[in-house]
Structure formats: structure tokens, C-alpha cells
Amino acid sequence: MKNVIVLSAFIFFLNYHTKAQHCSDPVVPNNTAFAKLQDGMGFIGSYALPCITQGNYTEVPVPLKNFRLIKHLNGDDTVYAMRIESISNLPEGMCWATNKADNTFTAGEGGSLIVRGITNDKAGQYSLNLLVSFDITGNGTFSRANENYNKISKSGRMILRVNAAGAACPNLDYSLPGNIAGTETSSVEKQ
């Protein structure tokens with residue numbers, strides 16, 4: 001009987017925490033803060049994002065406005081649509097979602113990305129690996145697939161910061177490589 005009670009309590013605890021961090025069926029409002037972004041600027045700068053506090057449920061809204069052009073060595077590509085394919089190196093326990101079911105935004109369209117959950121990952125900064133695909137033909141084909149956002153953005157990187165409960169939010173430092181999510185590894189030293 002004691003084992004049944006312990007097992008039931010464990011299943012309840014696991015179910016509660018799984019739902020608290022579940023992002024597959026989100027309700028993400030379209031954040032009007034994207035209007036503050038200049039045309040074609042992508043995501044709001046990391047400096048404007050609040051810190052994630054260890055052990056507390058946190059939602060970090062990230063306003064975005066899709067590119068109209070992306071530059072490369074041979075000129076510019078017109079963007080008809082951008083699709084967010086994946087985001088990795090989120091602090092462990094955090095997940096992401098957008099206000100679009102298919103994570104696709106047309107040229108110049110604003111929207112919202114949200115990172116939410118509970119993390120106990122190491123305090124510091126986490127440089128996200130954000131992969132996006134672009135339709136540059138206008139026919140719905142994403143011919144520029146799996147582009148690393150960090151290479152096409154003007155800021156160079158999207159960074160989330162984690163602080164210990166009761167501690168100040170760490171200063172943002174683009175020169176640091178940052179932490180590796182889900183490990184005790186920290187590469188916060190300047191290289």
C-alpha cells in the first residue's frame with residue numbers, strides 16, 4: 001500500500017511538472033511590442049529580455065518582426081516567409097513556442113516567440129542556436145533551409161540569461177561563449 005501511495009504521488013508530481021513545461025499546445029498572444037522593432041530587424045535584442053530565475057516558472061516574451069531582405073555575398077534575397085525550425089541550447093527545463101501554429105511569418109510580419117518553463121540550469125548566459133528557413137522564391141518552397149539566425153542577425157547572437165534566486169541578473173556580454181544547457185559545463189571565460 002505504501003508503494004502505491006508513493007508511486008501515485010510521483011506520477012502526480014511528474015504529470016504536474018511536465019504540463020508546466022509543455023510547449024506543444026501553447027497560448028501565445030501576438031505581442032504588440034514588435035511594432036517597436038525597425039522594419040526587417042528580426043528578434044528584439046537580447047539586452048531587452050528579462051532574466052530567467054532558477055527554480056521559478058518564467059515566461060520570456062521575445063517580440064519579432066520578419067525580415068524583408070537577407071544579405072549575402074552575392075547581393076540580397078527577398079524574403080517572402082521565414083519559418084523557425086528549431087531552437088537549441090535553451091536552459092534545461094525551458095521550451096519555446098510562437099503565436100503561429102506553423103512557426104511561419106510572412107515578410108515584414110510581426111509576431112511573438114515565447115520561452116517558458118522552470119530551470120535549475122547553471123546561472124549565466126546561454127547563446128541560443130536558432131535555425132530558420134526562408135522562402136525566397138514566393139512559391140512556398142523554403143529553399144534557404146536551416147540558416148543559423150546568429151549568422152544573419154545584426155546583433156550576432158540571441159542570448160538568454162539565468163540568475164540564481166535572489167541574485168542580480170548577470171550583465172549581458174556578447175564576447176563570452178556562454179553556458180552549455182543541461183550540463184555543469186560553463187564556458188563563461190573570455191577566449
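When the residues of the range 81-114 are filtered to those that are touching a residue at least 60 places away in the same chain (Cβ under 8 Å) and assigned to a loop (DSSP other than H, G, I, E, B), the one that is surrounded by the fewest Cβ atoms within 10 Å (Cβ to Cβ) is G108.
Which number in (1) within 18 Å of N148 (Cβ to Cβ); (2) modelled with pLDDT of 90 or more marks the one condition that I52 misses? Looking at each condition in turn, I52 falls short on (1).
Which condition number in (1) within 18 Å of V162 (Cβ to Cβ); (2) modelled with pLDDT of 90 or more is the one that N129 fails? The number of the failed condition is (2).
Tell me the residue from S133, S127 that is without any contact (Cβ under 8 Å) to a residue 60 or more places away in the chain and under 11 Å from the mean Cα position of the chain (by Cα), please. Steps first, please.
Numbers: S133 fails: under 11 Å from the mean Cα position of the chain (by Cα).
After ruling out the rest, the residue left standing is S127.
The values are calculated or read from the model by the stated rules, or taken from the named source; none is laboratory data. From a predicted model like this one, the values you see are computed outputs, not experimental measurements. Cβ coordinates were reconstructed from backbone atoms using ideal geometry, including for glycine residues, and neighbour counts include every protein chain displayed.
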